[in-house]
Amino acid sequence: MVLGISPDPVEKLKKWHDKEQFGFDLLSDPDHKVLEKYGAWGEKKLYGKTYFGVIRSHWIIGPDGKVADIQIKVSPAKSVERALEFVTGG
């Protein structure tokens, strides 16, 4: 199962999900409590400006419910590649 988490409100996520036709669910975390707990919310810099936002990351949760792999500050393309490598052992 794949889940995405975003600080965007449910309505905005639904429109984006429907437009992009993702094959997974998107969860809304407007107070970024879950994102913070997983280390996916923090200080970022862009064009010399510092702000707080989502740090692109992924976690693989094993069948035992424990975190089996963590990738922080990973690009979307590399995230998929690394996740597939992890779960296929290759």
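Here are the numbers:
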{"item": "Subset of region 1-33 (residues that are of a type outside the set (A, V, I, L, M, F, W, C) and in a loop (DSSP other than H, G, I, E, B))", "result": "Pro7, Asp8, Pro9, Gln21, Gly23, Asp29, Pro30, Asp31, His32"}
{"item": "Subset of region 43-65 [in a strand (DSSP E or B) and either on the phi > 0 side of the Ramachandran plot or in contact (Cβ under 8 Å) with a residue 12 or more places away in the chain (or both)]", "result": "Gly53, Val54, Ser57, His58, Trp59, Ile60"}
{"item": "Verdict on Val54 being of a type in the set (Val, Ile, Thr) and closer than 26 Å to Glu11 by Cβ", "result": "yes"}
{"item": "Criterion (surrounded by 10 or more Cβ atoms within 10 Å (Cβ to Cβ), among the acidic types (Asp, Glu) and in contact with a strand residue (DSSP E or B) (Cβ under 9 Å, 6 or more places away or on another chain)) met by exactly one of Glu85, Glu36", "result": "Glu36"}
{"item": "Which listed residue is outside any loop (DSSP other than H, G, I, E, B), surrounded by fewer than 10 Cβ atoms within 10 Å (Cβ to Cβ) and aliphatic (A, V, I, L, M), from Ala77, Ala68", "result": "Ala77"}
{"item": "Any pair with Cβ under 8 angstrom, 6 or more apart, that starts in region 75-90 at a residue that is under 20 Å from Ala40 (Cβ atoms) and ends at one that is polar (S, T, N, Q) and outside any loop (DSSP other than H, G, I, E, B)", "result": "Lys78/Gln71; Ser79/Ser57; Ser79/Gln71; Arg82/Gln71; Ala83/Gln71"}
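Throughout, read-outs are computed from the coordinates displayed, never taken from laboratory work. A quick note: this is a predicted structure, and the numbers were derived from the prediction, not measured. Virtual Cβ from ideal backbone geometry, glycine too; neighbours counted across all protein chains shown.
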